[in-house]
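Working notes for the structure below.
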Amino acid sequence: MLRHLLNPLDFSVEELDKLMDLAVDIEKHPAKYAHACEGKVLATCFYEPSTRTRLSFEGAMYHLGGHVLGFSSADSSSAAKGESVSDTIRVISCYADICAMRHPKEGAPLVAALKSGIPVINAGDGGHQHPTQTLTDLLTIRSLKGRLGDMTLGLCGDLKFGRTVHSLIEALSRYKGVRFVLISPPELRVPEYVLETLGKKGIPYKEVQSLEEAIPELDILYMTRVQRERFFNEDDYIRMKDFYILNKAKMELAREDMLVLHPLPRVNEISTEVDDDPRACYFKQAQYGMYIRMALILTLLGLEVQ
C-alpha cells in the first residue's frame, strides 16, 4: 500500500524505533546498503531554498545506489509558469519512484500526496511541519543520550515560525517523562495550538524569556535561528534576530552532559566559539540526518536488505 510521510505522527512509536534501528545499522554497515536502491529514482521537488535537507536526501539516495532528479527552487520549475502542485506530482510520478517535497505553503505536500502515484515525503511546508528533521533529531538524541524519554528539553529562539520546533514537540510528546522549557521573546512564542496539545496530554512545560535562567536544568538545548523569510516586516526581523546568542559564558551555566542541537543553518545564534565544546552536536546531527533519510527511503519503498 502506498505510504507517505507528511507528519512525524504518521509513524507509530514502534515504527519509529524500527526506523531508527535501521538507520543505526546503515551507519555501522554502509557497504551492506550500497546497492539497495539500484534502478530507483528520487525526485527532489524544492520550491524554496535548502542546503542540508536537499543534499541530505540526494546523498542518502546516492549512498543507496539510486538516482536523483529534481529542482532546487520554484523559479527553475514549471511552478514559475503557474503549474499546480497536483499536476506537478502527477507528472513526476511518471519519472520517479519516490518524492521529497519542500514548499513554502503549509499543506502543499499533503495536496501532492492525494494525487501522487509514488510515496511523498514532506521536506518542510512553510512554518508547519518538518518531519524528516524531527526524525533526525530523534535519532540524534537517542544515539547520544541512549533514550528519548525522561528528560528536560529546552527549545530556544523562533518558536512561532520554527517548523522543526512544532514537529519535535509533537513527536517527543509521545514519550514518557518529557518536559519542555520554551525559551522565546513574547513575539515568537509557541503557537497556542501547540500549547493546547501539551495541556491536553498533561505534559509539563513552562515559557520563559531568559536563556541563562533555563539552561542549568536542561538535558537538551535545541537552538533555532530567527527566520528572515518568515517575517513580513524587516524591522521586526532586525529587532528579533540577536535576541539569543549562545556563547561560552552561557555554556558554563549548563550541565556537563547537556547536548546542544540546532537544525541549521545558523546565523549568529550560536557563537563559533561553542563549536569546540564536546556538548555541541549540531554537525553530528546533520550526519545522522542522512542515515535516517536512507532508512526512510528504504522503508517507504518497501525494500529490505538482508
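The values are calculated or read from the model by the stated rules, or taken from the named source; none is laboratory data. All figures in this text were calculated on a predicted structure; none of them were measured in a lab. Positions of Cβ are generated from backbone atoms using ideal geometry, with glycine treated the same way; all protein chains shown enter the neighbour counts. Each accessible area value is taken on the protein alone, full model and side chains, heavy atoms only, with ligands, DNA and RNA left out. Shrake-Rupley method; radii C 1.70, N 1.55, O 1.52, S 1.80 Å.
Tell me, which strands (runs of 3 or more DSSP E) wholly within the range 149-223 include 2 or more residues that are modelled with pLDDT of 95 or more and within 21 Å of Arg279 (Cβ to Cβ)?
Values: elements: 151-156, 178-183, 205-208, 220-223.
Qualifying strands (runs of 3 or more DSSP E): 151-156, 178-183, 220-223.
Of everything in the range 30-61 that's of a type in the set (A, V, I, L, M, F, W, C) and assigned to a helix (DSSP H, G or I), which residue is nearest to Leu301 (Cα to Cα)? First the steps, then the outcome.
First pass over the range 30-61, keeping only residues of a type in the set (A, V, I, L, M, F, W, C): 31, 34, 36-37, 41-43, 45-46, 55, 57, 60-61.
Narrowing further to those that are assigned to a helix (DSSP H, G or I): 31, 55, 57, 60-61.
Numbers: Ala31: 19, Leu55: 20, Phe57: 14, Ala60: 14, Met61: 12 Å.
By that ranking, first place goes to Met61.
Taking the range 5-29 as the range and being in a helix (DSSP H, G or I) and of a type outside the set (A, V, I, L, M) as the test, the residues that pass are Pro8, Asp10, Glu14, Glu15, Asp17, Lys18, Asp21, Asp25, Glu27, Lys28.
All of Ser56, Ser50, Ser72, Ser116 fail the test of being out of contact with any Asp or Glu (no Cβ under 7 Å at 6 or more places or on another chain), within 26 Å of Gln285 (Cβ to Cβ) and either at pLDDT 95 or above or buried (at least 20 other Cβ atoms within 10 Å of the Cβ) (or both), apart from Ser56. For the range 163-216, which residues satisfy the criterion of being open to solvent by 70 Å² or more (accessible area, probe 1.4 Å), in contact (Cβ under 8 Å) with a residue 40 or more places away in the chain and closer than 18 Å to Arg147 by Cα? Within the range 163-216, Arg174 is the sole residue that qualifies. In the range 86-110, the qualifying residues are those that are of a type in the set (A, V, I, L, M, F, W, C) and assigned to a loop (DSSP other than H, G, I, E, B), and the one that is farthest from Phe57 (Cα to Cα) is Cys94.
Could you please let me know if Arg266 is of a type in the set (Lys, Arg), surrounded by 19 or more Cβ atoms within 10 Å (Cβ to Cβ) and touching a Phe, Trp or Tyr at 6+ places or on another chain (Cβ under 9 Å)? No, not satisfied.
Residues in the range 134-162 that are among the charged types (D, E, K, R) and in contact with a strand residue (DSSP E or B) (Cβ under 8 Å, 6 or more places away or on another chain) were compared, and the one that is surrounded by the fewest Cβ atoms within 10 Å (Cβ to Cβ) is Asp150.
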